[in-house]
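The values are calculated or read from the model by the stated rules, or taken from the named source; none is laboratory data. These numbers were taken from a predicted model, which means no experiment stands behind them. Positions of Cβ are backbone-derived with ideal geometry, glycine not excepted, and every protein chain shown enters the neighbour counts.
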Amino acid sequence: MSTQNPAITQRAEREAAELSGQPPHSGDGNGSPAGGNGLFEWQMPRGPEDPQSWQNYTFDTAKWWGTFPRHEPAAVHGRAADDELFAQYPWAIGPFRKHRRNPVLAPTPDAWDSGRYNGGVHNGAIVRHDGRFHYVYRGERPIDVPLDTSIDYICDIGLATSDDGVTFAKDQVHSPFFRRGDARRYSYEDVCLVRHEGTYFLFCNQWLWGEQQNTALNGTFLATSTDLRHWERRGIVFPKADRTHRNGVVVQVSSGD
């Protein structure tokens, strides 16, 4: 099954070309981004001339969010000195540049990850398993169960695999993983995936729309697997917490265990 969406790919190329002032092209065949330098928009705010970008994407100690401090020349003047800026702040990972084959995964019409508007497959994690790339991702769709909420979408987690990290095939047998039986009422989002002693630990968010403050049902959810296809539900990680804990991040040493 193809995961490419030509319309989205062409749009991404046009946007990259507009940012660089160069015409779009198809890349050089060696993985170089198509059109301009291919930097992701969130990596480099455009400066005070774009107030929304300036306020939302520059570093703010009050929000602890964004990229680099406002006073840095590369943040103030745009993308010209991005490599120098990343070298100056070694904690920053990057700069990343878009691959010419983007998007490498796209929504599937009329499926569990059919998406809404212009999105639908996101917030995933990729690991190497049995010599292949395994992308455990969040799929989104319009809400399909009656709940007392104004929220109009619902998500689950599934799998896509690849030999080269670029061309992915979606798993059609085991995916999606969690929205079955009574669990169809929940939305599963935002994957964090780690391996320990041969077992994969999948942390994500479980939400019951309309009852988000119920910590016994909402927040960081855990499931485990040895093959990334068959998952054992472990449940909410902090069911007795006095507030909702979500978007958990678990780090591990480079050995993978």
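Some points to look at:
- Considering residues of the range 122-171 that are assigned to a strand (DSSP E or B) and among the polar types (S, T, N, Q) only, the residue nearest to residue 230 (Cα to Cα): 161
- Single residue of 244, 224 found to be of a type outside the set (D, E, K, R) and under 22 Å from residue 173 (Cβ atoms): 224
- Residue in the range 135-151 that is surrounded by fewer than 19 Cβ atoms within 10 Å (Cβ to Cβ), assigned by TED's automatic domain parsing to the domain that holds residue 211 and at positive phi present: no
- Qualifying residue in the range 54-74 (condition: over 23 Å from residue 155 (Cβ atoms) and at pLDDT 80 or above): no
- Selection from the range 218-233 of residues that are over 15 Å from residue 127 (Cβ atoms) and in contact with a Phe, Trp or Tyr (Cβ under 8 Å, 6 or more places away or on another chain): 218, 219, 220, 221, 222, 233
- Conditions (1) in a loop (DSSP other than H, G, I, E, B); (2) at pLDDT 95 or above: number failed by residue 201: (1)
- Residues in the range 204-246 that are of a type in the set (Val, Ile, Thr) and buried (at least 16 other Cβ atoms within 10 Å of the Cβ) were compared, and the one that is nearest to the chain's Cα centre (by Cα) is 220.
- Cβ-Cβ under 8 Å pairs, at least 6 apart or on other chains, the range 81-110 side under 25 Å from residue 123 (Cβ atoms), far side buried (at least 16 other Cβ atoms within 10 Å of the Cβ) and basic (Lys, Arg): 105/170; 108/170
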